[in-house]
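Report on one structure; see the data block that follows.
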2 protein chains.
Amino acid sequence: MEVTSPEQESAGPLTRGCQWLKALPKEFCAKVMGIAKMAKKLGQDDPRRIIHSLKVGLALTLVSLFYYFKPLYDGFEDSALWAVLTVVVVFEFSVGATLGKGLNRMLATFVAGALGIGAHCLATLSGRTAEPILIAIFVFVIAAIVTFMRFFPRLKARYDYGLLIFILTFSLVSVSGYRDDQVLKMAHQRLSTIIVGSCISVIVCICICPVWIGEDLHNFVAANMEKLGNFLEAFGDEYFKVSEEPQSNVNKSFLQGYRSVLTSKSGEETMANLARWEPGHGPFGFRHPWKMYLKLGNLTRECAYKVEALNSYLNSKIQTPAEIRGKIQGPCEKASRESSKALKELASAFRKMVRTRSAILHIASSKTTAEELKNLLKQSVWGEADVLEIIPAASVASLLLEIIECIEKIAEAVYELAKVASFRNRDATVLPERPDLLHQGAVQQVSDIDMLHHVITIAE
Amino acid sequence: MEVTSPEQESAGPLTRGCQWLKALPKEFCAKVMGIAKMAKKLGQDDPRRIIHSLKVGLALTLVSLFYYFKPLYDGFEDSALWAVLTVVVVFEFSVGATLGKGLNRMLATFVAGALGIGAHCLATLSGRTAEPILIAIFVFVIAAIVTFMRFFPRLKARYDYGLLIFILTFSLVSVSGYRDDQVLKMAHQRLSTIIVGSCISVIVCICICPVWIGEDLHNFVAANMEKLGNFLEAFGDEYFKVSEEPQSNVNKSFLQGYRSVLTSKSGEETMANLARWEPGHGPFGFRHPWKMYLKLGNLTRECAYKVEALNSYLNSKIQTPAEIRGKIQGPCEKASRESSKALKELASAFRKMVRTRSAILHIASSKTTAEELKNLLKQSVWGEADVLEIIPAASVASLLLEIIECIEKIAEAVYELAKVASFRNRDATVLPERPDLLHQGAVQQVSDIDMLHHVITIAE
């Protein structure tokens, strides 16, 4: 609201009311425009969101045909509503989530329905008075036990929804049995409508522009490595730049990209859990080693913690004077550049799912630079400088050394994953350090990890 | 399976079958025992899990009374199943989650039901042939729009479930209308059974040993501060201990407690979102500033990243020789001890929701030590030592200085939160540096944050 001037305040309530009404559409328009802009941005960021929304509409329209066509409706009657309900609840953004929910729902409905019928039969044997008491006890015990089972971490990760539907179906079937004698028919109708609903969801989800969560996880892990690479690429220049305008915070957002890596753990775990439901698709086999992505993600995060420490030296109050920094500038810049290249090569090869050794050369080169740097530090390059002023630059150098070690571990994890997931072999990069290995036969026999260790040993 | 000896292999298939059968129960018993142990551990870790399971059983038994008692059943007939369904789906571990889901479900059912009836009426006006086409278009459009709305971050955080139920109810009501003329009755029954189910869930959830997620968040944030405090308490001794047995990795698990803080972000955000649904309870008012907990959590995590960097020096390959480390041992140990005490005091006061200034003294003391440490470093305490060997110890010292700055920010956030959430005032800690402030009146007027800044300025 705008500030009212004294003149406005002295005006009558009618005038003020009119002004308020005039202001209202303006505010309303501004809000609507804000929402529209937000929606546009959401759609542009990931157009699959728009497609997903249309897919949900389509699946619901398809399932509602069970109401419109008499022959279909006669098969299910009012139970057709379960099919509609299933589509709404089961249809998720990714194939993995939809399949996981659909399979959970179908299996849980089947098992719990059978158990519910059993409980109902057992209860009816005991006479009309004892029946509700017995059913109530059954429901209480089963609900309590299965609810507790939902706390088991392994069950929670993959079968949480199934356990919920188990409680639901068991209660519905056994309790309804008290008023409805056709329990068997009811359980059967519920199961078949749920199968129909789940199948429609899964088919629409897979057949129209499917969103594979496994692919998302793959790209996410690769993107995280790239983000660290981007930081390291820019870091050298940024740190050793003679900062004449220290207030230039304008275009430093590219240095902050790595921050999302720090908190990526829970997202990765969710994706890996869902990806395990997905069938083989494209380059990803059915038993693709999704668990190894978590290991790779953890190593990337370890590296990100070190990058975070490095970043704090960019904005630190205590800075090493430029002339002292200059003494280690060469190897530091090279180490940061080479490790950035290594990370980016790893990320790019990983993203394309090829086994290429191009990253090994950069790792070897960064290791050599690390040795240079260590030697430089040993030679008391600092002269008579104040130790307090040396510390930041020295810490930066030592962090770079640690980051190189981290990247080595990441490379090992990438090569191991590439081996287990049988990424295709693209090249036998020329490794000038060991020409004897370059005969076609020898290259085939030497694994990437051996090669990594070998080259790095030479570099050291 | 045990390895079969040659004698066993020469035995007949019957004998082997018997042995296999004998082995089976053993394996089965071992598995069952494993599961029982896991269940026992889950129950012991958080006994509220057992209570929650029993509560779900109770709520389901209560809602199934609608089937057993004729007068209740006559009111709802078969729609009573919606009440059972609602209890299963809405009943969550915490009050916040249950209330959020219940309110979302009731509100969404009401709005979507009304809209569904409107759509049905509009469609019937157009004749029997056009009706299904018109309804199908409505369902498609509404489902697509609302599904897209679920991607808006703000709506997703609080109203995701409501939007899902909106699609569900709208589809059910408008589509069923084609076969069932009593749409109004159906919508009314659905709404009232859902209200009954939600209310039973909420009442059981709140009245029997309620689990307040806000309280959990409060304790979680306090525990995270304590974990960092524990690390810092142990760090000084651990780092400066003359390591005669470097392999003593036996009892270092207490040093790893802080690691869970690094990945606590998503958990905190979920809890804060759910806590906002909770009514005032105990010391937490209705509009308790849950958002500020996120800020405090972020600061704690920033500190944890630095602690992670500190931890890497504990196990670093390159170590500063003990005699050089000894030169900064005194102030470093004091800084780590005092900052640990400050964090623990802050955590303890925060946990008890009291405003006490005891932490300020420790922060001031750690600031003084930090200055000592800086002076020590300036005096070239290292002598003729190799710079490469100095770096680790110097980095440790500089990290400790940064951690002290972090703790200062945490203290500010805690005091700000205490002010906004009106924690009760417990004491006016004796601050020998400014006796003039200790008159009752003056102490009341000076805010904790002013005091913090004031004491720290003196310390510097």
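The values are calculated or read from the model by the stated rules, or taken from the named source; none is laboratory data. Since we're looking at a predicted model, the values are computed, not measured. Cβ atoms come from the backbone with ideal geometry, glycine included; neighbour counts cover every protein chain shown. We work out accessible area using only protein heavy atoms, side chains counted, and drop any ligands, DNA or RNA first. Shrake-Rupley method; radii C 1.70, N 1.55, O 1.52, S 1.80 Å.
Taken over segment B:271-404, the alpha-carbon convex hull comes to 114 cubic angstrom per residue.
From the square roots a ≥ b ≥ c of the eigenvalues of the alpha-carbon gyration tensor of segment B:124-177, which class results: rounded (a/c under 1.5), prolate (a/b over b/c), or oblate?
In terms of gyration-tensor shape, prolate.
If I ignore ligands, DNA and RNA and count only protein heavy atoms, how much of A:T98 is accessible to a 1.4 Å probe, in Å² to the nearest 10? Probe radius 1.4 Å; accessible area of A:T98 about 0 Å².
Roughly how big is segment A:32-207's charge dipole about its Cα centre, with Cβ charges of +1 (Lys, Arg) and -1 (Asp, Glu), in debye to the nearest 20?
680
Absence of a disulfide-compatible partner, taken as no other cysteine beta carbon within less than 4.7 angstrom, is noted in chain A for A:C18, A:C29, A:C121, A:C199, A:C205, A:C207, A:C209, A:C332.
The alpha-carbon positions of chain A define a convex hull whose volume is 267 Å³ per residue. A 1.4 Å probe over all protein chains sorts B:T61, B:T129, B:T263 by accessible area into B:T129, B:T263, B:T61, starting with the largest.
In summary, the lysines within cross-link reach of B:K374, defined as a Cα separation below 18 angstrom excluding same-chain residues under 8 places away, comprise A:K317, B:K327, B:K334. Put simply, chains B and A cover up around 6900 Å² of each other's accessible surface, both sides summed, when a 1.4 Å probe is used.
Computed about the Cα centre, the dipole magnitude for the protein assembly as shown is approximately 2560 debye when only Lys and Arg (+1) and Asp and Glu (-1) carry charge, each at its Cβ.
Between the alpha-carbon centres of segment A:106-173 and segment B:159-208 there is a gap of 23 Å.
Placing unit charges on each Cβ (+1 for Lys and Arg, -1 for Asp and Glu) gives chain A a dipole about its Cα centre, and among A:S266, A:S348, A:N224 the Cα reaching farthest toward its positive end belongs to A:S266. Interface residues of segment B:113-153, defined as those losing at least 50 Å² of solvent-accessible heavy-atom surface relative to the isolated chain (probe radius 1.4 Å), are listed as B:F140, B:T147, B:F148, B:F151, B:F152. In chain A, Cα pairs under 8 Å separated by at least six residues give a relative contact order of 15 percent. Axis angle, to the nearest 10 degrees, between helix B:322-352 and the longest C-alpha principal axis of chain B: 40 degrees.
Taken over the Cα atoms of segment B:32-207, the convex hull encloses 152 Å³ per residue.
When Rg is the radius of gyration of the Cα atoms in segment B:167-316 and Rh is its Kirkwood radius, what does Rg/Rh come to?
1.27
Label zone (B:L125, point 7 Å along Cα-to-C-beta; backbone nitrogen cut-off 19 Å) within segment B:157-190: B:174-175, B:177-178, B:183-184.
Just the protein heavy atoms count here, and of the accessible area of chain A at 1.4 Å, carbon and sulfur take up 61 percent. Helical runs (DSSP H, four residues minimum) scored at -39500 (n - 2.57) apiece and divided by the length of the protein assembly as shown put the mean residue ellipticity at 222 nm at -25500 deg cm²/dmol. Taking the three principal axes of the alpha carbon atoms in the protein assembly as shown, the coordinate ranges are 102, 94, 53 Å, sorted in descending order.
Structural descriptor for segment B:32-147: relative contact order 13 percent, calculated from alpha carbon pairs under 8 angstrom and at least 6 residues apart. Relative to the longest principal axis of the Cα atoms of chain A, the long axis of helix A:95-125 lies at roughly 30 degrees. Ascending distances from the B:P321 label point to its copies in the other chains, with the point 7 Å along the Cα-to-beta-carbon line: 2.9 nm. For chain A, the longest principal axis of the Cα atoms and the long axis of helix A:183-207 meet at an angle of about 30 degrees.
Accessible surface calculations at 1.4 Å, restricted to protein heavy atoms, place the protein assembly as shown at 47 Å² per residue. Simple spin-label estimate for B:I137 and A:A223 gives 3.8 nm between the two label positions (7 Å along the Cα-to-Cβ direction from each Cα).
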